[in-house]
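S.K.: If you scroll down you'll find the structure; I have some questions about it.
The values are calculated or read from the model by the stated rules, or taken from the named source; none is laboratory data. All values reported here derive from a predicted model rather than from experimental measurement. Methodologically, a virtual Cβ is constructed for each residue, glycine included, from the backbone with ideal geometry; neighbour enumeration extends over all protein chains shown. Only protein heavy atoms, including side chains, enter the accessible area calculation; ligands, DNA and RNA are left aside. Shrake-Rupley method; radii C 1.70, N 1.55, O 1.52, S 1.80 Å.
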Amino acid sequence: MGDDLNARLRQLPAVHVLLNSPQGKALTVKYGHNLVAEAASCILEKWRKRLVSFPQEGPLVATPELLGLSREIAVYLEKLSTPHFQRVVNATGIILHTNLGRSVLCQQAREALERAASGYTNLEYILEEGSRGERYAHVEGLFQKLTGAESAIVVNNNAAGILLVLHTLAAGKEVIVSRGELVEIGGSFRIPEVLKLGGVKLVEVGTTNRTHLDDYREAINENTGLILKVHTSNYRVMGFTSSVNREELAKLAHEQELPFVEDLGSGALLDLSVYGLKDEPTIGEALKAGVDVISFSGDKLLGGPQAGVILGKADYLARMKKNHLMRALRIDKFTVAALEATLREYLRPDAVMQNIPIYAMLTASLAELKSKGEQIQAALAEYSEQVEITVQNTVAQMGGGSLPGQEIPSIGLAINFPRLSATETEEAFRTRVAVPVLGYILKDQFILDLRTLLPGDEEIIIEGIKQLIQETPQ
Ligand SMILES: *Cc1c(COP(=O)(O)O)cnc(C)c1O
C-alpha cells in the first residue's frame, strides 16, 4: 500500500520540470518566473494531498500528464491575474444599488478622474496666490450657485458629514430627534449610533408615528445643543402620522438660538416630482425652509461620487472646518475631480437628464426600454430552442434609500433556459459569464430589468446568454 502510494507520488514531476516544459516556458513569458513557480508548487501540493487522501482511488487515476498539470497552472494564474473588483451589469432595476456602487458617473466626471489620476493637480493650492488652499474650495462656489447655501464642506460620505456636524455643534450636549426618525440605513448607519460617536446625548421626542412641535419645545433646556431632523428616506410610516415641518422647527430652533440641522439623505438638486417621484425635498427647498445645516450623500440623487456634502450657514461651517476630525474625514482628489465635474452638469439643467446616468435611467421611456428588450430578443432569435426570452412589464426603484415605496414602471426580460431553474439561471448569470449580469427572481422566473442598463450592456447580455447556451449541457 505504502509503496504503491510512494510510486504514485513519484509520478508528480518536480517544479523545475514543469517550468522547463514548453507550456511552462510559455507561461513564464506571460507571468514571470516567480509567479509560475509559485503556481506550480501550489498545484503540485494539491495533487500530493489528493494522492495521500485517496490512496485507493483507482489504479493510478492521478497519473499527471504534464499537459494536464500545465493547464491547471494556467487556470490558477489566469484567476490570480483577474481583478477581483470588476464591472458587472446591473439588471436589478434598482438604480442606486448600494452593493453595486450606487451612482454611475457622467462622462465629464470620468474624464476628470482620468486627469486627476494621471498628473499633479492644484488640489490644495491657490494658483493666483501661490499659496495653500482647501480641497473642497473647488466645489464650494458651485454649491453656493446651485443651492443658495452660504458655505460648503465635503467629507468622505454622509455618515461622516453627520458625525462632523454633531461633533462640532453639539459635543457634550443634547440633540433632539423625533422617534419617527431614528432610522437605520443599509444596516451600517444608525442615527442613534452616529449620535453616540459624535459625543452627543440623544433626546427622543414624540412617538414612532406622531411627533408635534410641543414635543420638541418641551425637550429644550440649557443643555440642548441642536435640533436634528432626519429625512426618513428608506422607509415610510403610513396611516395615522404627523411630523413637524421644517419651517416650524426652524422657527422654534431660532427662537431658542439653536442650530437646526437636517440629515437630508439623498440630496436632490432637482425637483423630481415631475417624474412621478414625490416627497423628496430638494436641497434648495430645505435651505429655504430655514434649515441651518444640511448633510447628504454625493452618490445618491446627486449622481456623483461617494461623498458627504455639508451645506449651510457660514459661521457654523467655519467651526467645522477647524474641527480636527476634518483631517480624518477628508475627501481624496478623485472625489474632488468627479464631484466638481458632476456639479458642472447641473449648470445646464436641460442636459442633466441625459448626461447624468442615473437620470438617463430614471427618465427613459417604456417604449425605449421595450425596444431595447426586443433588440436582445431578436439577436438571440436563432437560439429559441435553447432559451426562451419574453418581454415583460416590471417595477424598478430609485434605491439607495431614496424615494421609498415609489415604484417606477419598467420593462424586463424573463429568461428561461429549459434545463435550468430560476435559481440556477440567476447563479449562472452571476458566476459563469465573462461579465457578471445581476438580475432577480420573481414568481419563479429570472428577470433582467432593462431600466438600469447602461449603453452597451445589451451586447454584454447577448454575449452572456450565448456563452451559457454553449456551456450548458443540452
Ligand atoms: C444614505 C443615508 C445616509 C448614509 O449616507 P452615506 O453617504 O452612505 O454615508 C445617512 N442618512 C440618510 C437619511 C441616508 O439616506
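So that you can scan it fast, the table gives a plain yes or no per residue for (1) within 15 Å of the ligand (Cβ to nearest atom); (2) in contact with a helix residue (DSSP H, G or I) (Cβ under 6 Å, 6 or more places away or on another chain):
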| position | (1), (2) |
| --- | --- |
| L105 | no, yes |
| L113 | no, yes |
| N156 | yes, yes |
| E181 | yes, no |
| F189 | yes, yes |
| P192 | yes, no |
| T208 | no, yes |
| H212 | no, no |
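S.K.: Additional query: Out of the residues in the range 128-187 that are of a type in the set (G, A, S) and touching a Ser or Thr at 6+ places or on another chain (Cβ under 7 Å), which is nearest to F260 (Cα to Cα)?
M.R.: Selected residue: S178.
S.K.: Any residue at all in the range 418-438 that is touching a helix residue (DSSP H, G or I) at 6+ places or on another chain (Cβ under 6 Å) and either open to solvent by less than 10 Å² (accessible area, probe 1.4 Å) or of a type in the set (F, W, Y) (or both)?
M.R.: Yes - at least one qualifying residue is present in the range 418-438.
S.K.: Residues that are at negative phi and over 23 Å from the mean Cα position of the chain (by Cα), at least 1 per element: which strands (runs of 3 or more DSSP E) completely within the range 92-190 meet that?
M.R.: Here the list reads 151-155, 174-178.
S.K.: For the subset of the range 158-179 comprising residues that are open to solvent by 20 Å² or more (accessible area, probe 1.4 Å) and more than 15 Å from the ligand (Cβ to nearest atom), which member is modelled with the lowest pLDDT?
M.R.: Top of the filtered list is R179.
S.K.: Same structure again: Those residues that are in contact with a Pro (Cβ under 8 Å, 6 or more places away or on another chain) and away from the ligand (no atom under 16 Å from the Cβ), I need them from the range 290-301; list them, please.
M.R.: First, pick out the residues of the range 290-301 that are in contact with a Pro (Cβ under 8 Å, 6 or more places away or on another chain): 292-293, 298-299.
The one that is in contact with a Pro (Cβ under 8 Å, 6 or more places away or on another chain) and away from the ligand (no atom under 16 Å from the Cβ): D292.
S.K.: Restricting the search to the range 358-383, which residues are of a type in the set (S, T, N, Q) and in contact with a helix residue (DSSP H, G or I) (Cβ under 9 Å, 6 or more places away or on another chain)?
M.R.: T363, Q375
S.K.: Separate question: May I ask you to list the residues in the range 223-246 that are away from the ligand (no atom under 16 Å from the Cβ), at pLDDT below 95, outside any strand (DSSP E or B) and not aromatic (F, W, Y)?
M.R.: Hits for the range 223-246 are M238, G239, T241, V244, N245.
S.K.: Moving on. Any residue in the range 70-78 that is over 30 Å from Q406 (Cβ atoms), among the polar types (S, T, N, Q) and in the same structural domain as V36 (by TED's automatic domain parsing)?
M.R.: yes
S.K.: Select from the range 313-331 the residues that are within 15 Å of A170 (Cα to Cα) and touching a Leu at 6+ places or on another chain (Cβ under 9 Å) and list them in ascending order.
M.R.: Listed by number, the residues that qualify are Y316, L317, R319, M320, N323, L325.
S.K.: Pick from the range 1-38 the residues that are touching a residue at least 40 places away in the same chain (Cβ under 8 Å) and among the charged types (D, E, K, R): which of them is least open to solvent (accessible area, probe 1.4 Å)?
M.R.: The selected residue is R8.
S.K.: Residues to consider are L468, L403; find the one that is more than 17 Å from N90 (Cβ to Cβ), buried (at least 17 other Cβ atoms within 10 Å of the Cβ) and at pLDDT below 95.
M.R.: Residue meeting the stated conditions: L403.
S.K.: Still on this structure, please answer the following. Of the conditions (1) open to solvent by less than 70 Å² (accessible area, probe 1.4 Å); (2) more than 26 Å from R348 (Cβ to Cβ), V104 clears all except one; give me its number.
M.R.: (2)
S.K.: Let me ask something else. When the residues of the range 302-337 are narrowed to those that are in contact with a Lys or Arg (Cβ under 8 Å, 6 or more places away or on another chain) and within 16 Å of the ligand (Cβ to nearest atom), which ends up nearest to E280 (Cα to Cα)? Break it down stepwise before answering.
M.R.: Filtering the range 302-337 for residues in contact with a Lys or Arg (Cβ under 8 Å, 6 or more places away or on another chain) gives 306, 330-331, 333, 336-337.
Add one more test, that the residue is within 16 Å of the ligand (Cβ to nearest atom), and what stays is 306, 330-331.
Values: Q306: 20, R330: 27, I331: 26 Å.
This residue is Q306.
S.K.: Would you check if A253 is modelled with pLDDT of 80 or more, buried (at least 21 other Cβ atoms within 10 Å of the Cβ) and within 16 Å of the ligand (Cβ to nearest atom)?
M.R.: Here the answer is no, as A253 does not meet what is asked.
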